[in-house]
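The values are calculated or read from the model by the stated rules, or taken from the named source; none is laboratory data. This structure is a prediction, so every number in the text was calculated from the model and none was measured. Cβ atoms come from the backbone with ideal geometry, glycine included; neighbour counts cover every protein chain shown. These area figures cover heavy atoms from the full protein model, side chains too; ligands, DNA and RNA do not enter into them. Shrake-Rupley method; radii C 1.70, N 1.55, O 1.52, S 1.80 Å.
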Amino acid sequence: MNRTLRALLLLPALALAPLPNPLPGAAWAQAAPEAAEPVRIVNRTGQPATALHAVRSGRTDWGGNLLNRGPLPTNAAFAMRPGAEAGCRFDIRLVLADGREAVTRNQDICATPRVELYTAAAPAAAPTPPAAPQVAAARPNANARRVSTGTGFLVAPGLVMTNQHVVGGCDRILARMPGGAWLAAVPPARVDRALDLSVLSIPGANGPALEFRNAPTLRRGEGVVAYGFPLSNLLSADPKLTRGEVNGLAGIRNDPNTIQISAEVQPGNSGGPLLDMQGHVVGVVVAKLDSRRVQNVDNVNFAVRGEAAQAFLRRAGISFRTAESRGADLSAADVGDIANRATVLLRCEG
């Protein structure tokens, strides 16, 4: 193996086995083809109506409020002209000032272009959302024969990105969430060994996910923040922040999937987010050159490029959030606050 490559120290840590439109509603547009005459909806309820909804029959929601110019008084009519493609069968609802509703369904507005609503009833109770499943807290195994730690960060609800070398070969993986609770990862993981990336499924890890930067293109000299849990068995248990710059836009031997950074990282930082000064992910911390093996080298660190990480997530079918970094820069402390809500300590037990 090339001596320089042998000197590349992967920041050690964990392990896991690799993995292998709503229905359209009524269209009201002045430019749409007009019916022979407008459809008139008459309020005969004895109360002013604060909202009027009209959607094609069979739709499961009521769409937008058509009363964009104020309430519809009692005995007043609202004229509407549905687009020619909207069809004839409509469900119509008036919402009154006292909260009651007047509803008529499957109304043929082509045959009867005048619809009068009289009877109002209390609104139907909203369905109770199903209770969120309870996720049992996990406990670290104090008797585990082999333990290592690393860092990960939420890219979507229940999904944590890290390095593959952090999660390769573990019997069990736990994540300590920002609030202190331990949760267990559920195999299989989604893995890209060439990029040294993995995504873990961690039920209950539902905090805010970090956003990936999608513009502008990253430049040399930009400030970056690395966030994670270096040397967690030696240093304090809380996350650590280091600030630096983008030194180079390629890694060892011109690897286009990595970037070189001056933000110092240590074993345990592996898999942690590298963020720009607006709190958007531009990389995944992966490695450093070992100054004990390469003479006259100090503080040479690497991260998987953010674009490569995004491409991996797309190949894995994972939806994630992106944002542009075009506003004013934040302080390093503010970037750290953003990272803290989504960054987890990973514990590998063997």
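In table form, for the structure just shown:
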read-out	value
Given (1) more than 18 Å from Ala328 (Cα to Cα); (2) open to solvent by less than 50 Å² (accessible area, probe 1.4 Å); (3) within 20 Å of the chain's Cα centre (by Cα); (4) not polar (S, T, N, Q), number of the condition Val265 does not satisfy	(3)
Residues of segment 283-318 that turn out to be touching a helix residue (DSSP H, G or I) at 6+ places or on another chain (Cβ under 8 Å), surrounded by fewer than 17 Cβ atoms within 10 Å (Cβ to Cβ) and of a type outside the set (D, E, K, R), as a count	1
Contacts under 7 angstrom Cβ, first residue in segment 85-100 being under 16 Å from Pro48 (Cα atoms), partner among the charged types (D, E, K, R), 6 or more apart	Arg93/Glu101; Leu94/Glu101; Val95/Glu101
Cβ-Cβ under 9 Å pairs, at least 6 apart or on other chains, segment 59-75 side at positive phi, far side in a loop (DSSP other than H, G, I, E, B) and at pLDDT 85 or above	Asn75/Arg44; Asn75/Gly46
One residue from Val147, Val160, Val167 being surrounded by 18 or more Cβ atoms within 10 Å (Cβ to Cβ), modelled with pLDDT under 95 and either closer than 22 Å to Ala237 by Cα or of a type in the set (D, E, K, R) (or both)	Val167
Condition broken by Pro133, with the remaining ones in (1) touching a Gly at 6+ places or on another chain (Cβ under 9 Å); (2) modelled with pLDDT of 95 or more; (3) assigned to a loop (DSSP other than H, G, I, E, B) satisfied	(2)
Any pair with Cβ under 8 angstrom, 6 or more apart, that starts in segment 321-336 at a residue that is closer than 21 Å to Gly207 by Cα and open to solvent by 50 Å² or more (accessible area, probe 1.4 Å) and ends at one that is part of a helix (DSSP H, G or I) and not basic (Lys, Arg)	Thr322/Gln310
Candidates Arg176, Arg253, Arg219, Arg172, filtered to the one that is open to solvent by 30 Å² or more (accessible area, probe 1.4 Å) and closer than 15 Å to Lys288 by Cα	Arg253
Selected residue (only one of Gly283, Gly223, Gly248 is modelled with pLDDT of 95 or more and more than 27 Å from the chain's Cα centre (by Cα))	Gly248
The one condition in (1) of a type in the set (Lys, Arg); (2) within 21 Å of Val265 (Cα to Cα); (3) under 19 Å from the mean Cα position of the chain (by Cα) that Arg176 fails to fulfil	(3)
Top-ranked residue in segment 88-118 [being assigned to a loop (DSSP other than H, G, I, E, B) and open to solvent by less than 40 Å² (accessible area, probe 1.4 Å); ranked as modelled with the lowest pLDDT]	Gly99
Complete set of residues in segment 200-212 that are surrounded by fewer than 24 Cβ atoms within 10 Å (Cβ to Cβ) and assigned to a strand (DSSP E or B)	Ser201, Phe212
Only listed residue being more than 20 Å from Leu200 (Cβ to Cβ) and in contact with a strand residue (DSSP E or B) (Cβ under 8 Å, 6 or more places away or on another chain), chosen from Gly279, Gly221, Gly268, Gly283	Gly221
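Here is a yes/no grid of residues against (1) open to solvent by less than 60 Å² (accessible area, probe 1.4 Å); (2) at pLDDT 85 or above; (3) among the small types (Gly, Ala, Ser):
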{"residue": "Ala27", "(1), (2), (3)": "yes, no, yes"}
{"residue": "Arg44", "(1), (2), (3)": "no, yes, no"}
{"residue": "Pro48", "(1), (2), (3)": "yes, yes, no"}
{"residue": "Asn75", "(1), (2), (3)": "no, yes, no"}
{"residue": "Phe78", "(1), (2), (3)": "yes, yes, no"}
